[in-house]
Amino acid sequence: MTNLNILQAPYIQPTRRNHALEHATIHILSARYPNTPMGGHSNPTGFFIVGKIPTQTLREAVSEALTRLQNGEARLAIHPGCGTNYIVTGGLAALAALYGFIGTQNTRERFERLPLVTVLAALAFMLGQAIGPTLQQKITTDPDPGDLAIIDIYPLTPSLHRVVTR
């Protein structure tokens, strides 16, 4: 019987590598453009960068990001603005709030539980902030680019670029 690691599966592994490259690129761009809002979205064939970034600057940042990941700068794969952090934190806070309301029958009981629910949600929020980066590191990104290659980078709009990888 073979040992199947789902994180190495087709579509998942390339997405994780692209996600790491996307994060590394945003780290580099954020240093160059500290007040420019930006974000990204990864998939198995590359990623999108949202933000008013010149195409040539993006090309340079993606190339630098790939080189730095290849040279072992794994920390670039983890980003505080990652959706993983938001999903984990928000999900845990929502579950804690729901837990706090278990057994309530009416609006008055729910209102009386509000202080407890607030504390539970805040604790879950703090826990989520610690768990999110760990999930990025172990599951949603792979800082080892392997044979990842940049195929093309082109603008779709002035604020949206497509980075195609293989």
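The values are calculated or read from the model by the stated rules, or taken from the named source; none is laboratory data. Note that the structure is predicted; figures quoted are calculated from it, not measured. Every residue, glycine among them, receives a Cβ derived from its backbone with ideal geometry; neighbour counts consider all protein chains shown.
Look at (1) within 21 Å of Pro143 (Cα to Cα); (2) surrounded by fewer than 16 Cβ atoms within 10 Å (Cβ to Cβ) and you find that Ala94 fails only one, number (1). From the set of residues in region 66-77 that are surrounded by fewer than 18 Cβ atoms within 10 Å (Cβ to Cβ) and more than 20 Å from Ile151 (Cβ to Cβ), which is farthest from the chain's Cα centre (by Cα)? Out of the qualifying residues, it is Asn71.
For region 123-166, the candidate set comprises residues that are small (Gly, Ala, Ser) and surrounded by 13 or more Cβ atoms within 10 Å (Cβ to Cβ); within that set, the residue that is farthest from Val50 (Cα to Cα) is Ala124. If you filter region 19-65 down to residues that are surrounded by fewer than 21 Cβ atoms within 10 Å (Cβ to Cβ) and among the β-branched types (Val, Ile, Thr), you find that the one that is nearest to Gly83 (Cα to Cα) is Val50. Tally time: how many residues in region 102-148 are in contact (Cβ under 8 Å) with a residue 40 or more places away in the chain and outside any helix (DSSP H, G or I)? Within region 102-148, residues that are in contact (Cβ under 8 Å) with a residue 40 or more places away in the chain and outside any helix (DSSP H, G or I) number 7.
Do the conditions hold for Gly81, that is, is it on the phi > 0 side of the Ramachandran plot and either touching a Pro at 6+ places or on another chain (Cβ under 6 Å) or not in a strand (DSSP E or B) (or both)? No.
Within region 152-166, residues that are touching a residue at least 40 places away in the same chain (Cβ under 8 Å) and part of a strand (DSSP E or B) reach partners that are surrounded by 14 or more Cβ atoms within 10 Å (Cβ to Cβ) and among the polar types (S, T, N, Q) with beta carbons closer than 7 Å, at six or more positions or on different chains, in the pairs Val164/Thr45; Thr165/Asn18; Thr165/Thr45.
Looking for whichever is closer than 30 Å to Phe111 by Cα and out of contact with any strand residue (DSSP E or B) (no Cβ under 6 Å at 6 or more places or on another chain) here; the options are Ala9, Ala97, Ala31. Which one fits?
Testing whether each residue is closer than 30 Å to Phe111 by Cα and out of contact with any strand residue (DSSP E or B) (no Cβ under 6 Å at 6 or more places or on another chain) leaves just Ala97.
Residue count for region 23-64 satisfying the condition of being farther than 23 Å from Gln13 by Cβ, hydroxyl-bearing (Ser, Thr, Tyr) and in a loop (DSSP other than H, G, I, E, B): 2. Within the option set Ala121, Ala130, being closer than 30 Å to Glu64 by Cβ and not assigned by TED's automatic domain parsing to the domain that holds Ala61 holds for one residue only, Ala130.
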